[in-house]
1. Has region 8-26 got at least one residue that is closer than 30 Å to Ala189 by Cα, open to solvent by 30 Å² or more (accessible area, probe 1.4 Å) and in a loop (DSSP other than H, G, I, E, B)?
2. Determine if region 226-241 includes at least one residue that is within 19 Å of Leu54 (Cα to Cα) and in a helix (DSSP H, G or I).
3. Test Thr62 against the stated conditions and say whether it is of a type in the set (Ser, Thr, Tyr), surrounded by 18 or more Cβ atoms within 10 Å (Cβ to Cβ) and in a helix (DSSP H, G or I).
4. Here are some residues: Lys80, Lys120, Lys71. Which one is loosely packed, with under 15 Cβ neighbours inside 10 Å and more than 16 Å from the chain's Cα centre (by Cα)?
5. Collect the residues in region 228-247 that are surrounded by fewer than 17 Cβ atoms within 10 Å (Cβ to Cβ), more than 18 Å from Asn37 (Cα to Cα) and in contact (Cβ under 8 Å) with a residue 24 or more places away in the chain, keeping them in residue-number order.
6. Of everything in region 181-212 that's of a type outside the set (A, V, I, L, M), within 15 Å of the chain's Cα centre (by Cα) and open to solvent by less than 10 Å² (accessible area, probe 1.4 Å), which residue is nearest to Asn242 (Cα to Cα)?
7. Condition first: modelled with pLDDT of 95 or more and on the phi > 0 side of the Ramachandran plot. Now tell me which residues in region 203-218 satisfy that.
8. Name the residue that is nearest to Asn242 (Cα to Cα), counting only residues in region 213-225 that are assigned to a helix (DSSP H, G or I) and without any contact (Cβ under 8 Å) to a residue 24 or more places away in the chain.
Amino acid sequence: AVYGDGATADFMQAYDRLQNLLKASVTSIFPAFHGRNAISNVFLNYNDIGFEALNPATHAMTTQVFHLNFKMNGLNQAIKKGGEGAVKAQDELAETMLTPLFKDTSGHQWSFGELQQVMKSNNIALRDDIVGSIDVARTPDEMINALMPASLKEAANPLSKKSVTNPFSQNFKPFVWGRKVGNMVEGNARMVNFITNLRNTGDVGLAVNRTKQFLFDYQYLTPFERNVMRRMIPFYSFMRKNLEAQVSTLISAPGRTA
């Protein structure tokens, strides 16, 4: 009743844009922020998977997944262009998707294509809306701008090209590059957790839940938290989720907290 009417909703949307600009300006453009985020993610993973959070083989696998995902996107672009290279790209894409990665405890062999589909569909990694502790809740317009190719965006709105040099826009190039770095840092940590739990249990649902418990699903908030608390307290989502995770670990595995 307080924030549901049209006028208040418009005001809140403008306020959200302003707060998102603040969050982006004090986080995503600074390498030190991403470094601290990477370190804190190791501690968060340690709360769940112990020293597996530092397993070099798992980190090497996440690097391989990033590489294969980048390669897949390039092959898809080649297929869309058509021509003689499209047939070769299709064969290479099929081979890429079938690249074996690991076997879980049940003996099932996970390929890149299967793992990628599971992670994307469950909001684990390899998606543009994984923002981590930056905690920027984008508006629908900002999500469209983030996901739409630049050529289509400029065709739809000639002014959009100017926004990449506007420091008050979420499309400001340093913000865009910072979000990409942040997504890779967050995606790496989430994949380490997800792959470890999936390899040890073979249970996709359990692995998803553990990853979101310790590396947080920032959209999973009550309406009051989403519409009031997150607006009152910048970075509320991270603080609230992190406090819950730390208390849970202190109760169930105090040695790890120590």
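The values are calculated or read from the model by the stated rules, or taken from the named source; none is laboratory data. This one's a predicted model, so the numbers in the text were calculated from it and none came from an experiment. Don't worry about glycine lacking a Cβ; one is built from the backbone with ideal geometry, like all the others, and counts go over all protein chains shown. What goes into the accessible areas is simple: the full protein's heavy atoms, side chains included, and nothing from ligands, DNA or RNA. Shrake-Rupley method; radii C 1.70, N 1.55, O 1.52, S 1.80 Å.
1. No, that holds for no residue.
2. no
3. Considered against the rule, which asks whether it is of a type in the set (Ser, Thr, Tyr), surrounded by 18 or more Cβ atoms within 10 Å (Cβ to Cβ) and in a helix (DSSP H, G or I), Thr62 comes out as yes.
4. Lys80
5. Val228, Arg231
6. Thr211
7. Matches in region 203-218: none.
8. Among those that are assigned to a helix (DSSP H, G or I) and without any contact (Cβ under 8 Å) to a residue 24 or more places away in the chain, it is Glu225.
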